[in-house]
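See structure below.
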Amino acid sequence: QVREWKNEGSKRYMCTGRPGWLTVSLRVGKYKKTHKNIMINLMDVLEVDKERQVVRVEPLVTMGQLTAHLNPMGWTIPVVPELDDLTVGGLIMGTGIESSSHIYGLFQHTCVAYELVLADGSLVRCSPTENSDLFYAVPWSCGTLGFLVAAEIKMIPAKKYVKIHYEPVRGLQKICEKFAEESKKKENSFVEGLVYSLEEAVIMTGVLTDEAEQSKINRIGNYYKPWFFKHVEKYLKADRTGVEYIPSRHYYHRHTRSIFWELQDIIPFGNNPIFRYLFGWMVPPKISLLKLTQGEAIRKLYEQHHVVQDMLVPMKSLEKSIQTFHADLNVYPLWLCPFILPNNPGMVHPKGDETELYVDIGAYGEPKRKQFEARASMRQMEKFVRSVHGFQMLYADCYMTREEFWDMFDGSLYHKLREQMNCKDAFPEVYDKICKAARH
């Protein structure tokens, strides 16, 4: 298809032919209508190499599919981003994170090689040792350097359960100290925080294990179970710590059934026990279905009165960041997920030369701030994130100007490669795909 595009005179930019409503991001890109759509229906797990401890997959393989495939074989991947429908391609070209990222980094940091079809129609493999510039430039590039057709991801042995410890913490300073302290401990397989108000949070730490106390097993993924974030809140309300054993796959997809806490706005009675027992098997609705059936009025309403944002900030700025989120948005719960950010080349790396501990703050829901105005409030947030050398996840609405965008991200390697590989006539620049103007 790419060669055919070349023969036709390369008149338009190319993009993948996957319809916008199918993606997990809330936006639908306008560019799908004007660019040449290249159909990439590659959705298979290609090989599981137990000796190298690597799984090779095609870009449309989803997290739900991958854990279902690997877990029975006794394997998993180090970073399993939460929602079942997230694809490998999206997690590499965009980004992905999970509560194990304080050990392994972002999803891209667990990948050992990519295979891409470039603008000239050639197939190239890149890794840290071959075509390394391309390897480091691909993450966050949103398909503007080439088409991903396969990826190799590290595997680790799977265990049956996650032994999870819930601890309510009160007082913002205490929350931030406790969270940073747990995130530095490598003996924690998982670290996650749910912040329920400016002064209240539950911090969870988990350890992978094959043994479990039968009385403390909680299969949270069963359709009739309470939504996970509501279950966690009980520990805060009762002001007590707790320990449970959660089957690993249920843990990996613990926020899937309630789409984190987005479902409470869509189905307000969805956590009611009667609804859960009778109809819980029907939820969550696929995000793609919600997008496909969403009218223009609802979409505009969502845009103005609803926030779905992930901001990645250095751990040392966590307290200031939560205060800023509170002042500009006032959305709770906030999701806290720590990750280690190595100083690799590419669009995203720490300010210094050292690997640094960062945290993803996720805000999903309806802002309670009285004067919330989507554009002005988000621009203020983006300015703050740039000031602490943080990053905005690109699936979300981005209100930055081109200059501000390249102030937040390091474009040096990216632009060099676009020049070298003649991408400028083949693909739009990443900013033009994700900025506010590129949506409808």
| said: Using a 1.4 Å probe on the protein heavy atoms, what percent of the accessible area of segment 62-101 belongs to carbon and sulfur? | reply: 64 percent
| query | Any idea what the relative contact order of the chain is, in percent, if you count C-alpha pairs under 8 Å spaced at least 6 apart? | reply | 18 percent
| task | Quote to one decimal, in nm, the extra length available between LYS351 and ASP49 on full extension: 0.36 nm per residue of separation minus the C-alpha distance between them. | result | 105.1 nm
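When you count, for each residue, the other Cβ atoms within 10 Å and take the mean per peptide, how do 305-315, 273-283, 165-175 rank with the highest first?
On the way: 305-315: 20.0, 273-283: 13.7, 165-175: 16.5.
The peptides rank, most packed first, as 305-315, 165-175, 273-283.
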| remark: With segment 1-122 reduced to its Cα atoms and the Debye formula applied, log10 I(q)/I(0) at q = 0.12 1/Å amounts to -0.52
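For each pair in LYS50/LYS351; LYS184/LYS433; LYS351/LYS383; LYS30/LYS320, compute the distance between the two Cα atoms and list the pairs where it is over 28 Å.
Working: LYS50/LYS351 37 Å; LYS184/LYS433 36 Å; LYS351/LYS383 16 Å; LYS30/LYS320 36 Å.
The answer is LYS50/LYS351; LYS184/LYS433; LYS30/LYS320.
At most 13 other Cβ atoms within 10 Å and a DSSP loop assignment: could you name the GluC sites (Glu not before Pro) in segment 350-440 that fit? Walk me through the intermediate numbers first.
Values: sites: GLU354, GLU356, GLU373, GLU382, GLU403, GLU404, GLU419, GLU429; in loops: GLU354, GLU373, GLU429.
Loop-located and lightly packed - GLU354, GLU373.
What's the magnitude of the charge dipole for the chain around its Cα centre, counting Lys and Arg as +1 and Asp and Glu as -1 at the beta-carbon? Answer in Debye, nearest 20.
Working: 56 positive and 53 negative charges, 227 e Å.
In total the dipole reaches around 1100 debye.
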| task | Would you work out which of ASN330, ILE274, PHE409 lies farthest towards the positive end of the dipole of the chain, given +1 charges on the beta-carbon of Lys and Arg and -1 on that of Asp and Glu, about the Cα centre? | result | ILE274
| request: Give the angle, between 0 and 90 degrees and rounded to the nearest 10, that separates the Cα long axis of helix 228-238 from the longest principal axis of the Cα atoms of the chain. | output: 30 degrees
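With a probe of 1.4 Å, find how much accessible area the chain has per residue, and write the answer as a whole number in Å².
Result: 43 Å² of accessible area for each residue.
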| said: Just to confirm the filter: which chymotrypsin sites (Phe, Trp or Tyr not before Pro) across segment 181-239 are DSSP coil and have at most 11 other Cβ within 10 angstrom of their Cβ? | reply: none
| Under a plain spin-label model, where a point goes 7 Å from the Cα along Cα-to-Cβ, how far apart in nm are SER215 and TYR277? | 2.5 nm
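At 4 °C and 1.567 mPa s, what whole-number value in µm²/s does Stokes-Einstein give for the translational diffusion of segment 186-292, with Rh from the Kirkwood sum over Cα pairs? Let's see the in-between values first.
Values: Rh = 15.1 Å.
Answer, rounded: 86 µm²/s.
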| message | Based on Cα coordinates alone, diagonalise the gyration tensor for the chain, multiply each eigenvalue by 5, take square roots, and list the semi-axes in whole Å, largest first. | response | 33, 25, 22
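Using a 1.4 Å probe over the heavy atoms of the protein chains, calculate the carbon and sulfur portion of the accessible area of segment 293-440 as a whole percent.
Working: 3120 of 6200 Å².
The value for segment 293-440 is 50 percent carbon and sulfur by accessible area.
Provide the FRET efficiency to the nearest 0.05 for the GLN420-LYS185 pair, computing r from the beta carbons and using R0 = 41 Å. Before the final figure, lay out each step's value.
Details: r = 42 Å, r/R0 = 1.03.
According to the calculation, E is roughly 0.45.
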| field | Listed peptides 321-332, 36-47 by packing density, highest first (mean Cβ within 10 Å) | value | 321-332, 36-47
| Could you state the number of Å between the C-alpha centres of segment 32-96 and segment 107-145? | 15 Å
| Total charge dipole magnitude, segment 76-199, about the Cα centre, Cβ charges on Lys, Arg, Asp, Glu only, Debye to nearest 20 | 500 debye
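Evaluated at 20 °C with a viscosity of 1.002 mPa s, what Stokes-Einstein diffusion coefficient in µm²/s does segment 342-440 have when Rh comes from the Kirkwood expression over alpha-carbon pairs?
Values: Rh = 15.3 Å.
Value of D from the Cα-based Kirkwood radius: 140 µm²/s.
If each residue of separation counts as 0.36 nm, what is the full-extension length gain between LYS154 and ASP120 once their alpha-carbon separation is subtracted?
Full-extension gain reported as 9.3 nm.
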| request: Note the full-extension length gain between ARG240 and ASP265 as 0.36 nm times their separation in residues minus their Cα-Cα distance, in nm to one decimal. | output: 6.2 nm
| Cα gyration tensor category, rounded, prolate or oblate, for segment 326-390 with a/c compared to 1.5 | prolate
| task | Would you mind computing, in nm to one decimal, how far apart the modelled labels at ARG170 and THR129 are, each placed 7 Å from Cα along Cα→Cβ? | result | 5.6 nm
| field | Virtual spin-label span in nm between LYS11 and ALA327, 7 Å along Cα→Cβ | value | 5.2 nm
| message | Is the C-alpha gyration tensor of segment 79-194 telling us rounded, prolate or oblate? Criteria: a/c under 1.5 is rounded; beyond that, a/b larger than b/c is prolate, otherwise oblate. | response | prolate
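The values are calculated or read from the model by the stated rules, or taken from the named source; none is laboratory data. This structure is a prediction, so every number in the text was calculated from the model and none was measured. Cβ atoms come from the backbone with ideal geometry, glycine included; neighbour counts cover every protein chain shown. Accessible surface is based on the protein model in full, side chains and every heavy atom, while ligands, DNA and RNA are left aside. Shrake-Rupley method; radii C 1.70, N 1.55, O 1.52, S 1.80 Å.
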